[in-house]
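Participant: Okay, here's the structure, questions in a sec.
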Amino acid sequence: MPTVELTYREALRRALREEMARDENVYMMGEDIAIYGGAFGVSLGLLEEFGPERIKDTPLSESVIVGAALGSALTGMRPVAEIMFMDFITIGMDQLINQAAKIHYMYGGKACVPMVLRTPGGSGTGAAAQHSQSLEGLLCHIPGLKVVMPSCPYDALGLLKSSIRDNNPVVFVEHKLLYSGRELVPEKEYLVPLGKSEVKREGTDLTLVALSVMVVRALKAADKLAQEGISVEIIDPRTLVPLDLEAIINSVKKTHRLLIVHEACKRGGFGAEILSQVEESDAFDYLDVPIRRLAGSNIPIPYSPGLEKGAVPQEDDILGAARKLVG
Amino acid sequence: MTLNKNDLIRMYKQMLTIRRFEEKVAEFLSQGTIHGTGHLYIGEEAIAVGACRAIENEDYITSTHRGHGHCIAKGADLNKMMSELLGKETGYCRGKGGSMHIADVETGNLGANGVVGGGIPIACGAGITIKMKKLKRVVLCFFGDGAVNQGVFHESLNLASVWDLPVVFICENNFYAMSTATKIAFKIKDLSLRAASYGMPGVKVDGNDVLKIYEEVIEAASRAREDKGPTFIVCDSYRWKGHSRSDAERYRTKKEVMEWKKRCPIERFKKYLLDKRYLTREMTEQIEWEVNLSIQEAVDFAQKSPFPSLKTLEQDVYAN
Ligand SMILES: Cc1ncc(C[n+]2csc(CCOP(=O)(O)OP(=O)(O)O)c2C)c(N)n1
Ligand SMILES: [Mg+2]
């Protein structure tokens, strides 16, 4: 199968390009996405290809970006809106949580809102507390929203295409540190379905569920652990809502140990949800040791490089947590 | 477009339908037959009817918490409306929405809204659809004076203006947002002045004059259809009833309410029609009878309808 090497950024761009070419109802809007190409360059070049009608630069107005995306989705379009930093979804939160997420249910199943909200989350760029949050936990709490968090170019491409074709409001959380990561992906068109996790590495001693950029760190840690004789199985849920619990359960039944790693603050984070769901499942009987979570500190993301790194799990932290669980 | 005699009579009948529907809802609210809250449109009927008469079936509206009038004026089925208010399976939202969420997207009613100002950006989105699909439609975006002080009002009117979206923004200024009088919530006396800062026309109109409202909306809608952008229309009117189910109305005087009742939009229009000899006394009685019958039928239909089964509880959180 012929392949091509793409960055995560290019993979997203290809998904957008393919879906816009496929369906004239798909269009994009957001702040500085046209000539500038988006704050992280994802949509660079799409303006030339699709024109300003379909690559819309909006005024600096997050509420109306989300609300107008919803209104046009409700009336037959498939908008892909971009919120420049995940932190700013809070400004469009009424439209996202009270409106978009609820319409299908509130209207008795008689209307739907096929929209995608793309937004980059995560720390590591020195942008401090208002440009570095991982707020997916807030969103997962809201029935009616789907939440997608790809960790690699292959998934970013296939999941974005599926998100655009989905008939629900989907929040598509990208990670700033992943944009330049590269990978070979098929040249031919493909989709990655929502609600399907992937085993990123097979192993027998420990199941490690990692989200977004933590998958990359976990994979590196797993290489080192292998040299120590610890075999780690890494699962990337890829979509948090809907969550493919089955895959995690099956893995836990095999390894008898579970470590969950994410960047968002530990308190109320999605790790707690995974932990509870596994505990409530029949995998509980297979556990040899209690489930552990490794997550961000319960603090705003600080600026100074050392502090910033210290606030969220790094490769060494994963190594330490894994050794403790297996040892 | 000039209205003929039959159009005018139909408008009168629709205003009366809203009035009688709301009176029934008021009765149900006080009896507890409707278990949630409800915001009555009595006194403001001219706005919804005048505005919606100026658009076509395929055009869109976004509505508010005080939305029954818009819904009826957009041509809703009273049976489904009443059923929704009573929480029945046969309601517009199968009993899941209630008064503040009645919607019928297929016929262009994009929904009432429980969040003040919540529908304004949604109207912009429908405007985007119209423009991108070259549909030549318009969106009427209704909201109250309270919504004018929501941040999203600013974002939305600005976006609609810079993108020439085919939206007519219709502010129903009834001089209060719950208890908060416009005179303490605005430094400006004429809310339509706000339009200037978005570079769109701002119009102030007597919100109890159904024909004036019709004329303004016709003009704004034709501008919108010709791709000339949005208009902001402020209709001054008054809500006769309390804000919602429970309101001691300590913020206004009985005298003020009485003054406005003298300017009843329905009586006024009726007088106009009688003076013009478009209507006779007998005809008004006949209309009254028909309206009451339609409301009674809606009540019967709703009361006979089943409540939704608990099986539907977890249905339709996500679309397929
Ligand atoms: C964002 C928001 N804040 C507060 C409320 C509670 N509330 C419901 S209606 C209302 C007053 C709205 O006034 P206005 O927009 O003038 O409409 P009116 O009720 O007068 O028709 C308030 C405060 C709400 N629903 N939404
Ligand atoms: Mg008001």
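The values are calculated or read from the model by the stated rules, or taken from the named source; none is laboratory data. All of these numbers come straight from a predicted model, not from anything done at the bench. Note that we place each Cβ from the backbone using ideal geometry, even for glycine, and neighbour counts take in every protein chain shown. The area values use the complete protein model at the heavy-atom level, side chains included, leaving out ligands, DNA and RNA. Shrake-Rupley method; radii C 1.70, N 1.55, O 1.52, S 1.80 Å.
Conditions tested, residue by residue: (1) within 14 Å of chain A (Cβ to nearest Cβ); (2) of a type in the set (Phe, Trp, Tyr); (3) out of contact with any Leu (no Cβ under 9 Å at 6 or more places or on another chain); (4) within 15 Å of ligand 1 (Cβ to nearest atom).
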position: B:Met178; (1), (2), (3), (4): no, no, yes, yes
position: B:Ile188; (1), (2), (3), (4): no, no, yes, no
position: B:Ala195; (1), (2), (3), (4): no, no, no, no
position: B:Tyr198; (1), (2), (3), (4): yes, yes, no, no
position: B:Pro201; (1), (2), (3), (4): no, no, yes, no
position: B:Asp206; (1), (2), (3), (4): no, no, yes, no
position: B:Ser222; (1), (2), (3), (4): no, no, yes, no
position: B:Arg225; (1), (2), (3), (4): no, no, yes, no
position: B:Gly229; (1), (2), (3), (4): no, no, no, no
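Participant: Also, quick follow-up: Is at least one residue of the stretch B:78-85 within 13 Å of chain A (Cβ to nearest Cβ), in contact with a helix residue (DSSP H, G or I) (Cβ under 8 Å, 6 or more places away or on another chain) and within 16 Å of ligand 1 (Cβ to nearest atom)?
Facilitator: Within the stretch B:78-85, not a single residue is within 13 Å of chain A (Cβ to nearest Cβ), in contact with a helix residue (DSSP H, G or I) (Cβ under 8 Å, 6 or more places away or on another chain) and within 16 Å of ligand 1 (Cβ to nearest atom).
Participant: Of all residues in the stretch A:304-315, how many are among the aliphatic types (A, V, I, L, M) and without any contact (Cβ under 8 Å) to a residue 24 or more places away in the chain?
Facilitator: 1
Participant: Which residues, counting only those in the stretch B:183-203, are over 17 Å from B:Leu140 (Cβ atoms) and either among the basic types (Lys, Arg) or away from ligand 2 (no atom under 15 Å from the Cβ) (or both)?
Facilitator: B:Lys183, B:Lys187, B:Ile188, B:Lys189, B:Asp190, B:Leu193, B:Arg194, B:Ala196, B:Ser197, B:Tyr198, B:Gly199
Participant: Counting just the residues of the stretch B:134-182 that are near ligand 2 (Cβ under 9 Å from one of its atoms) and assigned to a loop (DSSP other than H, G, I, E, B), which one comes out most open to solvent (accessible area, probe 1.4 Å)?
Facilitator: Only one residue fits best here, namely B:Met178.
Participant: Within the stretch B:40-55, track down each residue that is in a loop (DSSP other than H, G, I, E, B) and more than 14 Å from ligand 1 (Cβ to nearest atom).
Facilitator: Scanning the stretch B:40-55 gives B:Ala54, B:Ile55.
Participant: Across the stretch A:134-150, what is the total count of residues that are within 14 Å of A:Arg267 (Cα to Cα), within 13 Å of the chain's Cα centre (by Cα) and in a loop (DSSP other than H, G, I, E, B)?
Facilitator: 2
Participant: Tell me, please, whether a residue that is within 14 Å of chain B (Cβ to nearest Cβ), crowded, with 20+ Cβ neighbours inside 10 Å, under 18 Å from A:Gly121 (Cα atoms) and of a type in the set (D, E, K, R) can be found in the stretch A:146-162.
Facilitator: Yes, the conditions are met somewhere in the stretch A:146-162.
Participant: Scan the stretch B:208-230 and report the pairs whose first residue is more than 14 Å from B:Gly127 (Cα to Cα) and whose second residue is surrounded by fewer than 17 Cβ atoms within 10 Å (Cβ to Cβ) and modelled with pLDDT under 95, with Cβ atoms within less than 7 Å and a gap of 6+ or a chain change.
Facilitator: Filtered contacts from the stretch B:208-230: B:Ile218/B:Met1.
Participant: For B:Gly118, indicate whether it is within 30 Å of B:Lys131 (Cβ to Cβ) and open to solvent by less than 50 Å² (accessible area, probe 1.4 Å).
Facilitator: yes
Participant: How many residues does the stretch B:245-283 hold that are farther than 30 Å from B:Phe175 by Cβ and surrounded by 12 or more Cβ atoms within 10 Å (Cβ to Cβ)?
Facilitator: 3
Participant: Return yes when B:Tyr251 is under 19 Å from the mean Cα position of the chain (by Cα), within 16 Å of ligand 2 (Cβ to nearest atom) and not aliphatic (A, V, I, L, M) and no when it is not.
Facilitator: no
Participant: A follow-up question, please. So the check is Cβ under 6 Å with 6+ separation or different chains; which pairs have a first residue in the stretch B:130-147 that's within 9 Å of chain A (Cβ to nearest Cβ) and a second one that's open to solvent by less than 10 Å² (accessible area, probe 1.4 Å) and within 16 Å of ligand 1 (Cβ to nearest atom)?
Facilitator: Short answer, once both residue conditions are applied: B:Val139/B:Ala123.
Participant: Under 23 Å from B:Val317 (Cβ atoms) and more than 16 Å from ligand 2 (Cβ to nearest atom): does that describe B:Arg94?
Facilitator: Answer is yes for this residue.
Participant: Of the residues in the stretch B:93-107, how many are more than 7 Å from chain A (Cβ to nearest Cβ) and buried (at least 24 other Cβ atoms within 10 Å of the Cβ)?
Facilitator: 2
Participant: Sticking with this one: Six or more apart or on different chains, Cβ under 7 Å: which pairs go from a residue in the stretch A:9-36 that's in contact (Cβ under 8 Å) with a residue 24 or more places away in the chain and within 14 Å of A:Phe50 (Cα to Cα) to one that's of a type in the set (Ser, Thr, Tyr) and assigned to a loop (DSSP other than H, G, I, E, B)? Could you list them?
Facilitator: A:Arg13/A:Ser43; A:Leu16/A:Ser43; A:Met28/A:Ser43; A:Met29/A:Thr58; A:Ile33/A:Ser43
Participant: Right, another one. With respect to B:Thr37, is the statement that it is within 16 Å of ligand 1 (Cβ to nearest atom), more than 14 Å from chain A (Cβ to nearest Cβ), open to solvent by 10 Å² or more (accessible area, probe 1.4 Å) and in a loop (DSSP other than H, G, I, E, B) true?
Facilitator: yes
Participant: Identify all residues within the stretch B:122-133 that are open to solvent by less than 40 Å² (accessible area, probe 1.4 Å) and more than 16 Å from ligand 1 (Cβ to nearest atom); write none if there are none.
Facilitator: B:Cys124, B:Gly125, B:Ala126, B:Gly127, B:Ile128, B:Thr129, B:Ile130, B:Met132 - these are the residues of the stretch B:122-133 that are open to solvent by less than 40 Å² (accessible area, probe 1.4 Å) and more than 16 Å from ligand 1 (Cβ to nearest atom).
Participant: I would also like to ask the following. Going by what's in this entry, would A:Ile318 be described as among the hydrophobic types (A, V, I, L, M, F, W, C), in contact (Cβ under 8 Å) with a residue 24 or more places away in the chain and either open to solvent by 60 Å² or more (accessible area, probe 1.4 Å) or not assigned by TED's automatic domain parsing to the domain that holds A:Asp205 (or both)?
Facilitator: For A:Ile318, the condition - among the hydrophobic types (A, V, I, L, M, F, W, C), in contact (Cβ under 8 Å) with a residue 24 or more places away in the chain and either open to solvent by 60 Å² or more (accessible area, probe 1.4 Å) or not assigned by TED's automatic domain parsing to the domain that holds A:Asp205 (or both) - is not met.
Participant: If I ask for residues that are surrounded by fewer than 22 Cβ atoms within 10 Å (Cβ to Cβ) and assigned to a helix (DSSP H, G or I), which ones from the stretch B:196-215 would you list?
Facilitator: If the condition is that a residue be surrounded by fewer than 22 Cβ atoms within 10 Å (Cβ to Cβ) and assigned to a helix (DSSP H, G or I), then B:Ala196, B:Ser197, B:Tyr198, B:Leu211, B:Lys212, B:Glu215 are the ones that fit.
Participant: Another question, then. Take the residues in the stretch A:269-286 that are touching a strand residue (DSSP E or B) at 6+ places or on another chain (Cβ under 7 Å) and in contact (Cβ under 8 Å) with a residue 24 or more places away in the chain; name whichever of them is surrounded by the most Cβ atoms within 10 Å (Cβ to Cβ).
Facilitator: A:Phe270
Participant: State the number of residues belonging to the stretch B:216-233 that are crowded, with 22+ Cβ neighbours inside 10 Å and touching an Asp or Glu at 6+ places or on another chain (Cβ under 7 Å).
Facilitator: 1
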